[in-house]
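Note sheet for the following structure.
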Amino acid sequence: ALKFSPLQGVRQRAKETLRMGETQPSEVEERPKWDNKVQYLLTCIGFAVGLGNVWRFPYLCQIYGGGAFLIPYLIALVFEGLPLLYLELAIGQRLRMGSIGVWNSISPLLGGVGIASMIVSFLVGIFYNTILAWVLWYFFHSFQDPLPWTYCPLNDNRTGYDDECEKSTPVNYFWYRETLNITPDIETSGSLQWWMVVCLASAWCVVYICFIRGIESMGKAVYVTATFPYLVLTIFLVRALTLPGATDGLEYLFSPDWETLKNPQVWLDAATQIFFSLSVAFGGLIAFSSYNPERNNCERDAVLVGVINSATSLYASIPIFSILGFKATTIFMYPMCSNILALTNHFEMSDQNITLENYDHWFQYLNQTHYDEVTSLQLRHCDLKTFLDQVYASGTGLAFIVFTEAVKEMPGSQVWAILFFIMLFSLGLSSMFGNIEGVLTPINDLKLVPKWIPSELVTGIICLIAFLTALIFTLGSGNYWVEVFNGYVGSVPLLIIAFFEITAVIYIHGMNNFSEDLYFMTGRRPNIFWKACWMVISPVMLLVVLIAYVVIQAQQHPSYPAWNPGYDLFPQTEVKPYPDWVFAIIILLCVVPVISIPVVAVYRLICGIIKKPSSRVQLNPYCNDGFEGETYKEKNGRV
């Protein structure tokens, strides 16, 4: 009797599938292709460069010692980000399939990895496009003069300004009340906000139009969506550097605090930032590279995309912090001027005697000679660094609160607001292309949809399902759910997927086989650096980051900031713990996307075990049916 090992069959299938120089099946040869190399690179860059490059990276630089943060960030880029990016681009280009097809070809036991990538791409896409709906809402309102977030509306009786707006700021009121109409906590759902539903539908319509013909239409769209943000950033850079206080913001950003490198959290955040910034493990990069010709230098592509992504983060930080430095300086002027006026009036000095430039000198002199009198004036403390600490935030807080408040102080504020939100929409739209591609390509590769159904209809159905699912984010509690999805869908699942990806290619398919594939595609085998990263450094870093992240999250019950006008310390946000049922949903969001990995593996193993006895029964030495059937076919062939 012949014995069959499932794992042995898996390895044999992988070798046969990936053997260098193997002729691809005809249906794979008919796969769509990019019009040119520029389209492909722009699409990958647009997918990698997203909103996080503008509002997450500068925030991490600011809280972790400015320039000192670049050290762990660059280390993570070299030893974790680039090897994973290179691996995904190479394996997609070699096999010319989507995420599910790729991992099924390497090993049927790993089919769940592709399913996990597809689920994560879908879940990230539905909340990511909600952010684009918010951007559209602000974009439509940026044409008003004055901007609607520069003043408080009247109350219902029209006898004064709205109480909630007066207690906070017009910017906060426009974001939390006019845009989100937010509820006091996540347990109070509220109703659908019709204006957000319209904006969300508009955002999905734009995605569908750009994606209606697959890479043919998307390849044309990236010429705008991937390049326009750089034009806007350059315009902002030139304008921001001319604003008062810009140098203070840049100095605050890049002043290194080397002591922060002793904090393990700095290294963890640097590793996670570079990992998520490059958009690996979503399946989108594998899909994009699968439309390349087999013989293409994917090593050069990976290095180019990775370096441009990180350079964009640094480039975006300069205008962002220049404008925030301007905002801090503007805030800093108000108490400074009031202090100068108080000192001038109290000591009966002539005007212009005390100025902004010599204020510190006069304050120290008067404080030493007339201490009691100066103390009685109750002057406000003026420290620019303190104001810089207060003006910065991350994520939506930067885009829709801090930055909009800074823009309203700039001359020609409408123009800068329009440019800023067009830039955000372009960044988000090019990233959405990768998320949708990570869903559609596996569906097409698996032949889940009959051929008679046009691809335009399939794309429309996927976008419609995503839109209907995303309606939860247009509720009064929608912003809280966006934070839940943002914090947990794209964290643990992606780390697990990436770990299985690199393990599958290097230790199941085999380093030698993969080297031959790279030689076939690029004309040279990987050097010792790539091999060391793939075999040891990158898997270990992924495992350490995953364990550290889970341990840190497990040490504290997750909480969220709630906008509650009834809070005693309002307008400060009230930090509330997530209810138990929301905590259960958080666990599901972390587990459900990756549960397919063990489920598919166990299912395939069981199927292999069940088929093994039946195989032995059919291999009867006294039965020649198989040979007779073959002889019959040969006879037919001769006839």
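State whether one or more residues within the range 248-258 are among the aromatic types (Phe, Trp, Tyr), within 30 Å of Gly67 (Cβ to Cβ) and over 26 Å from the mean Cα position of the chain (by Cα).
yes
Out of all the residues in the range 465-475, which are surrounded by fewer than 19 Cβ atoms within 10 Å (Cβ to Cβ) and in contact (Cβ under 8 Å) with a residue 24 or more places away in the chain?
Thr469, Leu471, listed by residue number.
What tally of residues in the range 451-464 results from selecting those that are open to solvent by 40 Å² or more (accessible area, probe 1.4 Å) and either outside any loop (DSSP other than H, G, I, E, B) or closer than 14 Å to Gly125 by Cβ (or both)?
5
Consider the range 293-322. How many of its residues are acidic (Asp, Glu) and outside any helix (DSSP H, G or I)?
Summing the residues that are acidic (Asp, Glu) and outside any helix (DSSP H, G or I) in the range 293-322 gives 1.
Rundown of residues vs (1) at pLDDT 80 or above; (2) buried (at least 19 other Cβ atoms within 10 Å of the Cβ); (3) more than 21 Å from Ala271 (Cα to Cα), yes/no style:
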residue: Arg13; (1), (2), (3): no, no, yes
residue: Glu16; (1), (2), (3): no, no, yes
residue: Arg19; (1), (2), (3): no, no, yes
residue: Glu27; (1), (2), (3): no, no, yes
residue: Tyr40; (1), (2), (3): yes, yes, yes
residue: Gly50; (1), (2), (3): yes, yes, no
residue: Tyr59; (1), (2), (3): yes, yes, no
residue: Gln62; (1), (2), (3): no, yes, no
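Kindly evaluate Asp301 against the criterion of being open to solvent by 20 Å² or more (accessible area, probe 1.4 Å) and either in contact with a strand residue (DSSP E or B) (Cβ under 8 Å, 6 or more places away or on another chain) or farther than 16 Å from Asn53 by Cα (or both).
For Asp301, the condition - open to solvent by 20 Å² or more (accessible area, probe 1.4 Å) and either in contact with a strand residue (DSSP E or B) (Cβ under 8 Å, 6 or more places away or on another chain) or farther than 16 Å from Asn53 by Cα (or both) - is not met.
Output yes when any residue across the range 484-495 is over 18 Å from the mean Cα position of the chain (by Cα) and either open to solvent by less than 10 Å² (accessible area, probe 1.4 Å) or at pLDDT below 95 (or both), and no when none is.
No, the range 484-495 contains no residue that is over 18 Å from the mean Cα position of the chain (by Cα) and either open to solvent by less than 10 Å² (accessible area, probe 1.4 Å) or at pLDDT below 95 (or both).
Starting from residues that are open to solvent by 10 Å² or more (accessible area, probe 1.4 Å) and hydrophobic (A, V, I, L, M, F, W, C), keep the ones in the range 259-287 and report whichever is farthest from the chain's Cα centre (by Cα).
Among them, the one singled out is Leu261.
Just the residues that are among the small types (Gly, Ala, Ser) and over 16 Å from Phe321 (Cβ atoms), please, taken from the range 232-282.
Ala270, Ala271, Ser277, Ser279, Ala281
Val307 passes all but one of (1) more than 30 Å from Asn104 (Cβ to Cβ); (2) among the β-branched types (Val, Ile, Thr); (3) buried (at least 17 other Cβ atoms within 10 Å of the Cβ); (4) under 18 Å from the mean Cα position of the chain (by Cα); which number fails?
(3)
In the range 392-424, which residue that is aromatic (Phe, Trp, Tyr) and either at pLDDT 95 or above or in contact with a Phe, Trp or Tyr (Cβ under 6 Å, 6 or more places away or on another chain) (or both) is surrounded by the most Cβ atoms within 10 Å (Cβ to Cβ)?
Filtering the range 392-424 for residues that are aromatic (Phe, Trp, Tyr) and either at pLDDT 95 or above or in contact with a Phe, Trp or Tyr (Cβ under 6 Å, 6 or more places away or on another chain) (or both), the one surrounded by the most Cβ atoms within 10 Å (Cβ to Cβ) comes out as Phe400.
Would you be able to tell me the number of residues in the range 519-563 that are over 25 Å from Glu294 (Cα atoms), in a loop (DSSP other than H, G, I, E, B) and either open to solvent by less than 70 Å² (accessible area, probe 1.4 Å) or of a type in the set (Phe, Trp, Tyr) (or both)?
2
Select from the range 115-150 the residues that are under 25 Å from Ile595 (Cβ atoms) and of a type in the set (A, V, I, L, M, F, W, C) and list them in ascending order.
Ile115, Ala116, Met118, Ile119, Val120, Phe122, Leu123, Val124, Ile126, Phe127
The values are calculated or read from the model by the stated rules, or taken from the named source; none is laboratory data. Since the structure is predicted, the reported quantities are computational estimates derived from the model, not experimental observations. In this analysis, Cβ positions are derived from the backbone assuming ideal geometry, glycine residues included, and neighbour counts consider all displayed protein chains. Only protein heavy atoms, including side chains, enter the accessible area calculation; ligands, DNA and RNA are left aside. Shrake-Rupley method; radii C 1.70, N 1.55, O 1.52, S 1.80 Å.
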